[in-house]
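Read the structure below first, then the notes.
The values are calculated or read from the model by the stated rules, or taken from the named source; none is laboratory data. Everything quoted here is computed from the prediction, not taken from an experiment. Positions of Cβ are backbone-derived with ideal geometry, glycine not excepted, and every protein chain shown enters the neighbour counts. With ligands, DNA and RNA removed, areas are computed over all heavy atoms of the protein, side chains included. Shrake-Rupley method; radii C 1.70, N 1.55, O 1.52, S 1.80 Å.
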Amino acid sequence: MTNTAIDTNQATVAGSDGVSLDFAQNLVELIDPDTLAGLAAAAREQAADGGLKLLGADGLLVPITKAVLEAALTAELDEHLAAASGANRANGTRRKTLRTEIGPVAVNVPRDRAGTFAPAVVGKRSRRTSGIDEMVISLVAKGLTTGEVAAHLHEVFGVEASKDTVSAITDRVLETMAEWRSRPLDEVYPVVFCDAIHVKVRDGKVANKAVYVALGVDVDGCRDILGLWVGE
């Protein structure tokens, strides 16, 4: 890796495990050209042996993702230490394996002496990227069981995820839905639209069911979904 600095004035971290487009472009510039040349050579060797793998533990995207994540973490630590005005310093790294949508990625997360560094790109207690959670929710919504989802993640991406992990991800969605259902509504909606969409629902077997939607328009002209009801 090179020692090129990131322009943090133009870099905005977006969310707990992602970066903005500008920040991502800056990070890509940090990857050493020799590293990229080595990856390209490895890709040619894989292609010569019968095919190039992009995803999975030995896929081409894994080392690229590792390099970008570690560059982001180093940049975050440098900024954190600069704000401490010399009262804190770097203290080695710790290894963490992330479950990502391209496969497992092992990254070296830098630490600080004071233990106050809390990276945004890779959270302290995070073991999965948001892409994995979104994929699990999508597969479950399509009618796959927790076991089928776990098997799919392992077969396609080389990601180990137990049935309990898949259930924990979907349970968080149910908690969010419960909070949404109990949220306060306006006393008056001048206009209310009622409609229905048909979705596949697993209830012993996968079947098409109608989901009725009530959409209200408040006095300011803003739309709000008042409720969803599953019919036969």
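With (1) modelled with pLDDT of 90 or more; (2) in contact with an Asp or Glu (Cβ under 7 Å, 6 or more places away or on another chain) as the list, and Ile169 as the residue in question, which single condition is left unmet?
All conditions are met except number (1).
Condition first: among the hydroxyl-bearing types (Ser, Thr, Tyr) and within 14 Å of Val121 (Cα to Cα). Now tell me which residues in the range 58-96 satisfy that.
Within the range 58-96, Thr65, Thr74 meet the criteria.
In the range 175-232, how many residues are within 20 Å of Ser138 (Cα to Cα), among the hydroxyl-bearing types (Ser, Thr, Tyr) and modelled with pLDDT of 85 or more?
Selection size over the range 175-232: 0.
Could you check Val206 against (1) without any contact (Cβ under 8 Å) to a residue 40 or more places away in the chain; (2) surrounded by 11 or more Cβ atoms within 10 Å (Cβ to Cβ) and say which number it fails?
(1)
Given the structure, is Asp186 touching an Asp or Glu at 6+ places or on another chain (Cβ under 6 Å) and open to solvent by less than 90 Å² (accessible area, probe 1.4 Å)?
Spelling it out, Asp186 is indeed touching an Asp or Glu at 6+ places or on another chain (Cβ under 6 Å) and open to solvent by less than 90 Å² (accessible area, probe 1.4 Å).
Between a first residue in the range 161-190 that is closer than 23 Å to Gly103 by Cβ and a second residue that is open to solvent by less than 100 Å² (accessible area, probe 1.4 Å) and hydroxyl-bearing (Ser, Thr, Tyr), which pairs have beta carbons less than 8 Å apart while being 6 or more apart in sequence or on different chains?
Listed pairs, sorted by first residue: Lys163/Thr146; Val166/Thr146; Ser167/Thr146; Thr170/Thr146.
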